[in-house]
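Just below is one structure, and these are the notes that go with it.
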Amino acid sequence: MDLKLKDKVAIVTGGSRGLGAAICLGLAAEGAKVAINYYRDLDQGVDLVDEATALAGRIKAECAVDAIPVPGNVARAADVRQMFALAETAFGPVEVLVNNAGVWPTAYVKDMTEQQWNTTQQINLTGPFLTCREAVRRWLDSGRPGRIVNITSQAAFHGSTSGHAHYAASKAGLVALTVSLAREVAPHGIHVNAVAPGMMCTDMAHDALQKDEQRYIERIPLRRVAGAEEVAGVVVFLASQRASYMTGATVDVTGGMLMR
């Protein structure tokens, strides 16, 4: 099936590793040009430029399409504006935005600091707000349609018993943002959907799975943890014209943890 993504321009936040990298590869396999957003905070010793650069090279080699690394902290409006500017300078107008960047810290509410709470909300919820706002402003100003896919989580619906209440709250907020924004911009040809993954084999979940993988598997009706590419396939579909009659939807890709 042709998803009609050839030569489309996409930004994937947190695109250098894990699910984000799988999404970048999935979009590129369909012919889309990809701006791979990565996090750079030299004050904290975090710089994922090497991973993003390597992924861009892999995309060019394997998919024969253009890809570039684009730095930026999604929780900073100035970084978000620069991210879009760099992508559009390289490829032309952005047509697809995937909000994948996120953190999954562990702290029970009784022990959680305000900084832990605030940082999680800033990256997981304020970040998508800022990127969605930037995309929508550009699309409305130019009269162009667009597609947004937000990565939420089954925790948005189930909550958390394992010290991730701040994460679950941020992802529940992202579901509400998805629905509200979809209602606002539907008349302008802008589609906004979400994907709710369950547990995946990614760097983010590595420690938890190493510690007690069987406990997670017992909660999954399909009795296995997902590969990132399995979730990415659904994201790529929602980013395409084949999902032309979908907006405001959250698609569960949880191995059956969510059944609605």
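For the range 177-192, a residue qualifies if it is in contact (Cβ under 8 Å) with a residue 12 or more places away in the chain and within 22 Å of Gln122 (Cβ to Cβ), and the qualifying residues are Leu177, Thr178, Val179, Leu181, Val192.
Out of the residues in the range 183-212 that are in contact with a Phe, Trp or Tyr (Cβ under 7 Å, 6 or more places away or on another chain) and part of a loop (DSSP other than H, G, I, E, B), which is modelled with the highest pLDDT? Here the answer is Met199. Close Cβ contacts (under 9 Å, 6 or more residues apart or on different chains) running from residues in the range 9-22 that are in contact (Cβ under 8 Å) with a residue 12 or more places away in the chain to residues that are in a strand (DSSP E or B) and of a type in the set (D, E, K, R) comprise Val9/Lys33; Ala10/Lys33; Ala10/Arg147. Candidates are the residues of the range 137-162 that are crowded, with 17+ Cβ neighbours inside 10 Å and part of a loop (DSSP other than H, G, I, E, B); the one that is farthest from the chain's Cα centre (by Cα) is Ser160.
Which residue pairs have Cβ atoms closer than 6 Å, lie 6 or more positions apart in sequence or on different chains, and pair a first residue in the range 157-176 that is under 24 Å from Val98 (Cβ atoms) with a second residue that is among the aromatic types (Phe, Trp, Tyr)? Partner pairs satisfying both residue conditions: His166/Trp117; Tyr167/Trp104.
Test Leu48 against the stated conditions and say whether it is modelled with pLDDT under 95, surrounded by fewer than 17 Cβ atoms within 10 Å (Cβ to Cβ) and either hydrophobic (A, V, I, L, M, F, W, C) or in contact with a Pro (Cβ under 6 Å, 6 or more places away or on another chain) (or both). Criteria not met by Leu48. For the range 228-260, what are the residues that are surrounded by fewer than 18 Cβ atoms within 10 Å (Cβ to Cβ) and modelled with pLDDT of 90 or more? Glu229, Glu230, Gly233, Gln241, Arg242, Ser244, Tyr245, Met246, Gly248, Ala249, listed by residue number.
Scanning the range 123-182 for residues being at pLDDT below 95 and touching a Ser or Thr at 6+ places or on another chain (Cβ under 6 Å) gives a total of 2.
The values are calculated or read from the model by the stated rules, or taken from the named source; none is laboratory data. Bear in mind the structure is a predicted one, so any value in this text is a computation, not a measurement. A quick note on method: Cβ atoms are made from the backbone with ideal geometry, for glycine too, and the neighbour counts reach across all protein chains shown.
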